[in-house]
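The next block holds one structure in the form of structure tokens; read it before the comments.
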Amino acid sequence: MIDLKKINEQLQNKTPKEIIEWALSIASKPIITTNFRPYESAILYAVTSLQDNITVVWCDTGYNTPQTYKHAEELIHSLQLNVHLYVPKQTVAHRNITLGLPTVDDPNHALFTEQVKLEPFTRAMEEHQPDVWFTNLRKGQTAFRDSIDVVSKSKDGVIKVSPFYHWSDAELDEYLEEHNLPNEFKYFDPTKVENNRECGLHI
């Protein structure tokens, strides 16, 4: 049983690389989840630099912008990512007829979120059964994310590691420039709409 308070104290002043090295040392089935949103190239590069064949889970809602899809393809090829793609069981075209694109206050929004994000994510986690889950959660993104730390536990008990948790956008900009990594800001998440909302994967 991992002592979250103790390990976060030990990792408090460690670099992202050192945090990832620690996490990989205790992992037997680690994964990274990504949606290719802004700054995702940082964690994808940082983790795959240390374990190049790690499973990268991409739950594609089907509503990404053309720029995000182009960015994803660029990173998949340049970093040689071991991507496992999960998509909703219903096509966007079909859902447009049955649900449309509900606003956050629409009663159908919960069903929409379940269909396009939660069900594919649950399917991915059941198939891969990870013990360590790398994410790019950062302090200041949402109220919930302010309440966790570098190492936390998912609602299913998976050890969740956020190596860049305490980093600012400016620090990440420098990291991307240093490692010649691309970034893309024309990103849209139909389950969140607003940047300070959680979509349900982490809470």
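Going residue by residue through region 3-12, is there one that turns out to be assigned to a helix (DSSP H, G or I), surrounded by 15 or more Cβ atoms within 10 Å (Cβ to Cβ), at pLDDT below 95 and of a type in the set (Val, Ile, Thr)?
We begin by selecting, within region 3-12, every residue assigned to a helix (DSSP H, G or I); these are 4-11.
Narrowing the set further to residues that are surrounded by 15 or more Cβ atoms within 10 Å (Cβ to Cβ) leaves 4, 7-8, 11.
This time we only want the ones that are at pLDDT below 95, so: 4, 7-8, 11.
Narrowing the set further to residues that are of a type in the set (Val, Ile, Thr) leaves 7.
Yes: one or more hits.
Scanning region 181-197 for residues that are polar (S, T, N, Q) and in contact with a helix residue (DSSP H, G or I) (Cβ under 8 Å, 6 or more places away or on another chain), which turns out surrounded by the fewest Cβ atoms within 10 Å (Cβ to Cβ)? Break it down stepwise before answering.
To start, the set of residues in region 181-197 that are polar (S, T, N, Q) comprises 183, 191, 195-196.
Adding the requirement that they be in contact with a helix residue (DSSP H, G or I) (Cβ under 8 Å, 6 or more places away or on another chain) leaves 183, 191, 196.
On the way: Asn183: 16, Thr191: 22, Asn196: 11.
Across region 181-197, the extreme among qualifying residues is Asn196.
Matching residues to (1) among the small types (Gly, Ala, Ser); (2) under 27 Å from Ile32 (Cβ atoms); (3) modelled with pLDDT of 95 or more; (4) exposed (fewer than 15 other Cβ atoms within 10 Å of the Cβ):
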site: His77; (1), (2), (3), (4): no, yes, yes, yes
site: Leu81; (1), (2), (3), (4): no, yes, yes, no
site: Thr98; (1), (2), (3), (4): no, no, no, yes
site: Val104; (1), (2), (3), (4): no, no, no, yes
site: His109; (1), (2), (3), (4): no, no, no, no
site: Thr113; (1), (2), (3), (4): no, yes, no, no
site: Lys117; (1), (2), (3), (4): no, yes, no, no
site: Asn136; (1), (2), (3), (4): no, yes, no, no
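Scanning region 46-75 for residues that are of a type in the set (Gly, Ala, Ser) and surrounded by 17 or more Cβ atoms within 10 Å (Cβ to Cβ), we see that the one that is nearest to Asp169 (Cα to Cα) is Ala46.
Screening Asp52 on (1) within 23 Å of Glu178 (Cβ to Cβ); (2) in contact with a Phe, Trp or Tyr (Cβ under 8 Å, 6 or more places away or on another chain); (3) not in a helix (DSSP H, G or I) shows it passes everything except condition (2).
Being buried (at least 20 other Cβ atoms within 10 Å of the Cβ), touching a residue at least 40 places away in the same chain (Cβ under 8 Å), out of contact with any Ser or Thr (no Cβ under 7 Å at 6 or more places or on another chain) and in a strand (DSSP E or B) is true for just one of Ile20, Ile43, Ile32. Which residue is that? Outline the logic, then answer.
Working: Ile20 fails: in a strand (DSSP E or B); Ile43 fails: in a strand (DSSP E or B).
Answer to the check: Ile32.
If you take the residues in region 141-180 that are exposed (fewer than 13 other Cβ atoms within 10 Å of the Cβ) and touching a helix residue (DSSP H, G or I) at 6+ places or on another chain (Cβ under 9 Å), which one is modelled with the lowest pLDDT? Among those that are exposed (fewer than 13 other Cβ atoms within 10 Å of the Cβ) and touching a helix residue (DSSP H, G or I) at 6+ places or on another chain (Cβ under 9 Å), it is Asp156.
Could you check, for region 121-134, whether at least one of its residues is in contact (Cβ under 8 Å) with a residue 12 or more places away in the chain, of a type in the set (Gly, Ala, Ser) and touching a strand residue (DSSP E or B) at 6+ places or on another chain (Cβ under 8 Å)? Within region 121-134, one or more residues are in contact (Cβ under 8 Å) with a residue 12 or more places away in the chain, of a type in the set (Gly, Ala, Ser) and touching a strand residue (DSSP E or B) at 6+ places or on another chain (Cβ under 8 Å).
The values are calculated or read from the model by the stated rules, or taken from the named source; none is laboratory data. Every value quoted in this text rests on a predicted model; they were computed, and no experiment measured them. Backbone-built Cβ (ideal geometry, glycine too); neighbour counts: all protein chains shown.
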